[in-house]
Amino acid sequence: MSGVKLEGIVKRYGAVEVVHGIDLEIKPQEFVVLVGPSGCGKSTTLRMIAGLEEISDGECRIGDRLVNRVAPKDRDVAMVFQNYALYPHLNVAENMAFGLRIRKTPKDEIAKTIAETAKILGLTEYLERRPADLSGGQRQRVAMGRAIVRHPDVFLFDEPLSNLDAKLRTQMRAEIKRLHKRLGVTSVYVTHDQVEAMTLADRIVVMADGNIEQIGTPMELFNNPANVFVAGFIGSPPMNQFEATLEDSDAGPIAHANGTLIQLHGQEALRGSAGRDVIVGIRPEHVMLSAEEGTASIPIELDLIETLGSEALLHTHVGDVPFVAKVETHGEIGHLQGINALHVKPARVKLFDKETGRAIGQAA
Amino acid sequence: MAMVDKKSSAGTETVVPKQTLAKRLDRIQMHIRREWQIYLMLVPTILWFIVFLYKPMYGLQIAFKDYSIFRGIAGSPWVGFEHFGTLFTNDQFIRAVKNTITISALNLIFAFPAPIILALMFNEVLNASYKRTAQTIVYLPHFISSVIIAGIVITAFSPTAGIVNTVMGWLGIDPIYFLTQPEWFRPIFVGTGIWQEAGFGSIVFLAAIAGVNPSLYESAVVDGANRWQMMWKITIPSILPTILIMLIIRIGNIMEVSFELVILLYQPATYETADVVNTWVYRQGLQSGQYDLAAAAGLFNAVVAFVLVMTANTLSRRFSRTSLW
């Protein structure tokens, strides 16, 4: 299997630059997810890897080969499209065989490959059906089957699950993950859904406005977001963010936000930063209902409780800024009604520079 | 009491209550009240159908009567199928039917694929301004009156000053008076039809091509297909439903060879290959005053067209899942 290396990749449409010189190295057999909001350049980047968009500047390598000027068919990549791109006039077997027939693969070999792939994807009984006679999940599997039969060096997925309903999306996500484990093909996956990114990726590339904001494993991004954008994008519900000013105290640094004082014990690197304007970030999952030794307390007035079953979302405010906490219910929510303070370990509190939005050095 | 409709599904029988007629009428009334603007817009079309297509059907009965304009439709005596008997023993009518079918068959073979080929060619043109210019040029003849088209054709094929005979003269070929020779009528007629309508007809197919999902092409590119393969394996199969619908419509009009152009281009010397049912009906009905015989011929035409379009529709639905209704 080959890796993919992007060096200073730029995409321009006329005078408008939409991807601004991104660098990314994807290791062989790695599953990398490009995630970001609509218009961030993730699909354009994927299409440049596929060869469907010309690269305006920079270098794209698949394995050791520079592929900037190589036709898509010669890049040894297979792509799964958002709307499946199944040929409506061909049945499942013919759809899967399309690429192989174009490449003049012997008929018996095609039949064998299709039978094997259909078995892996659970499509054996649908081989004679046309796409119109299949469910969304089955169509998605056919689209993947069409990519798999080619035995490519790199799989490219362009938001392949976005047309499916929530339940099917979860199911297909697991199937894609299993398939990657089984086949071990280098995969680049584009999505705007951070849950998909977190569940599927070996590494996530967060993009915004044509730039890479951060590259890391799902947990690195979750625990140590490089900036406020990543902090807000990764995690559901997103990280709570509010402005504060740092102050020094005998017990250590404190973040002062709209009358709320948040202890930052252990973040000794912040000593001497008194007066610095920061953005405080606290993950909803890191909020606790009861105080422990050294925890910072945030006095609150509860606005709303959203019950999710095993968990509940507590909606409140820090000053004027909405604040959400995600807590366990243990099967009931009665005990949540009278809560007037939330608690968080100082080490869990993330700080970002107010001007640049970049993370300020802190304990993990 | 509500009627029930038994439907079998996966081996089990479910009982589905059927709407009573009263309930259905209520729903239609509610719909009309809610969407009255849309129904109002439909009125002119319905009126057009009634005045120009349904009301004239009353006059069809003269095909079965010894019609006299003095006695009127109601006053003329019934003669049963006598006129049809006359028609099928009339050599000129039989010849007109044969000519109609032959010209329509030639049109189906040569003129029907022409706009499809043109649309496929336009689709492959990458230079946008060249494409626009070429499209405008081929659309133009459609907007020219048939009289002018016929004039251009007559001039072009004239044995004295026509460009065709002039070029043939340069090549040392003797001039031919094309429009007086029966064997040349059909090629000239079909060719003129292609020149006049292929461009405009390609719009429907271009629209169908524009509707093909671009991801199909991108997927094919990644799979290694070239433009030729994409045209054969994606574009043509994707526009096949449109092609079939247009074919069914064309088959429905098989007895309706372009009356104006035939009238303008033919002459007694070419009746042998040029006289079609419509021109025969025109001569018998309007010029000879045999309205009943002409009505019988027109009715025959309509029945054949109806049977053809029904057959084509059924076959298309059975074999390609595409049909007009």
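The values are calculated or read from the model by the stated rules, or taken from the named source; none is laboratory data. This one's a predicted model, so the numbers in the text were calculated from it and none came from an experiment. Because the Cβ atoms are built from the backbone with ideal geometry, glycine has one as well, and the counts that use them run over all protein chains shown.
Checked against (1) closer than 29 Å to residue B:314 by Cβ; (2) assigned to a helix (DSSP H, G or I); (3) of a type outside the set (Asp, Glu), residue B:257 passes all but condition (2). Restricting attention to the stretch A:120-134 and to residues that are over 30 Å from residue A:61 (Cβ atoms) and at pLDDT below 90, the residue that is surrounded by the fewest Cβ atoms within 10 Å (Cβ to Cβ) turns out to be A:122. Of all residues in the stretch A:86-109, those being β-branched (Val, Ile, Thr) and at pLDDT 95 or above number 1.
Each row is one residue, and each column tells you yes or no for (1) touching a residue at least 60 places away in the same chain (Cβ under 8 Å); (2) more than 31 Å from the chain's Cα centre (by Cα); (3) surrounded by fewer than 11 Cβ atoms within 10 Å (Cβ to Cβ).
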{"residue": "B:49", "(1), (2), (3)": "no, no, no"}
{"residue": "B:56", "(1), (2), (3)": "no, no, yes"}
{"residue": "B:70", "(1), (2), (3)": "no, yes, yes"}
{"residue": "B:78", "(1), (2), (3)": "no, yes, yes"}
{"residue": "B:94", "(1), (2), (3)": "no, no, no"}
{"residue": "B:100", "(1), (2), (3)": "yes, no, no"}
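Remark: pairs (first residue in the stretch A:165-194, assigned by TED's automatic domain parsing to the domain that holds residue A:41; second residue β-branched (Val, Ile, Thr) and crowded, with 20+ Cβ neighbours inside 10 Å; Cβ separation under 6 Å; 6+ apart in sequence or on different chains) = A:186/A:154; A:188/A:32; A:189/A:33; A:191/A:35; A:194/A:35; A:194/A:234. Residues in the stretch B:221-233 that are facing another protein chain (nearest Cβ under 9 Å) and either at pLDDT 95 or above or surrounded by fewer than 18 Cβ atoms within 10 Å (Cβ to Cβ) (or both): 2 in all. Condition first: farther than 30 Å from residue B:213 by Cβ and exposed (fewer than 14 other Cβ atoms within 10 Å of the Cβ). Can you find one or more residues in the stretch B:123-132 that meet it? Scanning the stretch B:123-132 turns up no residue that is farther than 30 Å from residue B:213 by Cβ and exposed (fewer than 14 other Cβ atoms within 10 Å of the Cβ).
Among the residues making up the stretch B:260-278, those that are assigned to a helix (DSSP H, G or I) and either buried (at least 20 other Cβ atoms within 10 Å of the Cβ) or more than 20 Å from the chain's Cα centre (by Cα) (or both) are B:262, B:265, B:268, B:269, B:270, B:271, B:272, B:273, B:274, B:277, B:278. Is it the case that some residue within the stretch A:58-81 is in contact with a Leu (Cβ under 9 Å, 6 or more places away or on another chain), more than 9 Å from chain B (Cβ to nearest Cβ) and of a type in the set (Gly, Ala, Ser)? Yes, that holds for at least one residue.
Would you confirm, using the coordinates I've provided, whether residue B:296 is more than 14 Å from every other protein chain (Cβ to nearest Cβ), modelled with pLDDT of 90 or more and under 18 Å from residue B:193 (Cβ atoms)? Here the answer is no, as residue B:296 does not meet what is asked. Among the residues of the stretch B:191-211, at least one is within 14 Å of another protein chain (Cβ to nearest Cβ) and at pLDDT 90 or above. Inside the stretch A:17-54, residues that are on the phi > 0 side of the Ramachandran plot and either hydrophobic (A, V, I, L, M, F, W, C) or within 14 Å of another protein chain (Cβ to nearest Cβ) (or both) make up a count of 1. Here residue A:151 meets the list (1) in a loop (DSSP other than H, G, I, E, B); (2) outside the structural domain of residue A:110 (by TED's automatic domain parsing) almost entirely, failing just condition (2).
If the condition is being among the polar types (S, T, N, Q), within 10 Å of chain B (Cβ to nearest Cβ) and not in a helix (DSSP H, G or I), then the stretch A:82-96 contributes A:82, A:83.
Taken over the stretch B:238-249, residues that are within 10 Å of residue B:309 (Cβ to Cβ) and surrounded by 18 or more Cβ atoms within 10 Å (Cβ to Cβ) amount to 1. Do any residues in the stretch B:137-148 that are touching a residue at least 12 places away in the same chain (Cβ under 8 Å) and closer than 19 Å to residue B:263 by Cβ have Cβ atoms under 7 Å from those of residues that are part of a helix (DSSP H, G or I) and among the aliphatic types (A, V, I, L, M), where the two are at least six apart or on different chains, and which pairs are they? Matching pairs, first to second residue: B:141/B:149; B:146/B:261; B:146/B:264; B:147/B:264. Screening the candidates A:228, A:185, A:195 for the property of being buried (at least 19 other Cβ atoms within 10 Å of the Cβ) and closer than 28 Å to residue A:50 by Cβ yields one hit, A:185. Scanning the stretch A:233-268 for residues that are free of Cβ contacts under 8 Å to residues at least 60 places away in the same chain, polar (S, T, N, Q) and out of contact with any strand residue (DSSP E or B) (no Cβ under 6 Å at 6 or more places or on another chain) yields A:236, A:249.
Of the set (1) at positive phi; (2) buried (at least 18 other Cβ atoms within 10 Å of the Cβ); (3) not aliphatic (A, V, I, L, M), all apply to residue B:172 but (2).
What residue, among those in the stretch A:325-344 that are more than 16 Å from residue A:296 (Cα to Cα), crowded, with 16+ Cβ neighbours inside 10 Å and not polar (S, T, N, Q), is farthest from the chain's Cα centre (by Cα)?
So in the stretch A:325-344, the residues more than 16 Å from residue A:296 (Cα to Cα) come out as A:326-338.
Narrowing further to those that are crowded, with 16+ Cβ neighbours inside 10 Å: A:326-327, A:329, A:336.
So of that shortlist, the ones also not polar (S, T, N, Q) come out as A:326-327, A:336.
Numbers: A:326: 20, A:327: 23, A:336: 32 Å.
Per the stated criteria, the residue is A:336.
Is it the case that residue B:236 is more than 28 Å from residue B:179 (Cα to Cα), within 12 Å of chain A (Cβ to nearest Cβ) and in contact (Cβ under 8 Å) with a residue 40 or more places away in the chain? Spell out how you get there, then give the answer.
Values: more than 28 Å from residue B:179 (Cα to Cα): yes; within 12 Å of chain A (Cβ to nearest Cβ): yes; in contact (Cβ under 8 Å) with a residue 40 or more places away in the chain: yes.
Yes.
Give the residue that is farthest from residue A:140 (Cα to Cα), with candidates limited to residues of the stretch A:156-185 that are of a type in the set (Val, Ile, Thr) and assigned to a helix (DSSP H, G or I). Give the derivation first.
Initially, the stretch A:156-185 is screened for residues of a type in the set (Val, Ile, Thr), giving A:170, A:176, A:185.
Narrowing the set further to residues that are assigned to a helix (DSSP H, G or I) leaves A:170, A:176.
On the way: A:170: 13, A:176: 10 Å.
My answer is A:170.
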